[in-house]
Amino acid sequence: MKGCRSLTKDEAGAVTAAFRGRYAVRDRALFLLGLYSGLRISELTSVRLGDVFQHGKIVDRLAVRRSCTKGKREGRVILLHPNAKAALRQWLSIGIFASPESPVFYGSKSDSSPITRQQAWRILRRTFSRAGLTGPLGTHSLRKSFASRAWDLLDHDLVKLQKLLGHKQVTSTVSYISFRDDQLDEVVLAM
C-alpha cells in the first residue's frame, strides 16, 4: 500500500476506457468492482460466481467470505455500485463459468483458477500506462481511490470510513487519508 496513490475521477475514467485485448471486459469489471467497493485485490480475485450471481441476477450486496479477508477474522457485506454491477453483468454474459464455485476473475489458462494478485497488478500497470498515467500506481490504487472518495462523501467521518474499509483499528484507516500538498499550502497561506 505504501507509495501507491489514488486515482482522480478523470484518471479513473481514462483507465476505464483504456482496457484492451481478449480479456478487456473481465479486466474492466475487476477494475470497476475494486474502484467502487474498496475491496483488497486478494478479496477481488477470490470472488466466485455464486457470490455475485444468484437467482438469475447480479446481487445487490456482495458478501466477502471471512476466509478471503485480511486477518480472516470476519467477513463483510458491501453494496454493489451500479457501475460495478453493469461491468459484472457484461463480463458474466460472455465469460465461461462451470459452476457457482467458479472464480469470476479467472485466468486465461483455465476457468477454474482465479487470476493472481501479480496478474492483476500486470493487467492494471499496462492499462495505467495505456491511459497515460504516471506515478506510483498499483492494485491498491483502487482501494485508495475508493477511500479518498468515501472520505470526502462522508464529510471526513473517520469512524464511518473505518467501517466501509473493514478496518479493525482506526489507525489503519488514517493511513488511507491522503492530503494533497496544495491543501496543506492553503492552510499555511490562510494564516
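The values are calculated or read from the model by the stated rules, or taken from the named source; none is laboratory data. Just so it is clear, the model here is predicted, and its values are computed rather than measured. Cβ sites come from the backbone with ideal geometry, for glycine too, and all protein chains shown count toward neighbours.
A compact table of results
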{"read-out": "Pairs where the first residue, in the range 43-59, is without any contact (Cβ under 8 Å) to a residue 60 or more places away in the chain and closer than 23 Å to Gly166 by Cα and the second is of a type in the set (S, T, N, Q) and surrounded by 14 or more Cβ atoms within 10 Å (Cβ to Cβ), C-beta under 6 Å, 6+ apart", "value": "Leu49/Ser102"}
{"read-out": "Close pairs from the range 74-98: first within 14 Å of Asp60 (Cα to Cα), partner among the charged types (D, E, K, R), Cβ under 6 Å, at least 6 apart", "value": "Val77/Arg61; Leu79/Arg61; Ala87/Arg28"}
{"read-out": "Within the range 97-135, tally of residues that are in a loop (DSSP other than H, G, I, E, B) and under 13 Å from Arg26 (Cα atoms)", "value": "7"}
{"read-out": "Pick from the range 9-34, criterion touching a residue at least 12 places away in the same chain (Cβ under 8 Å) and acidic (Asp, Glu), ranking: nearest to Ala63 (Cα to Cα)", "value": "Asp27"}
{"read-out": "Top-ranked residue of the range 60-82 - restricted to ones that are part of a loop (DSSP other than H, G, I, E, B) and crowded, with 17+ Cβ neighbours inside 10 Å, ranked as modelled with the highest pLDDT", "value": "Leu80"}
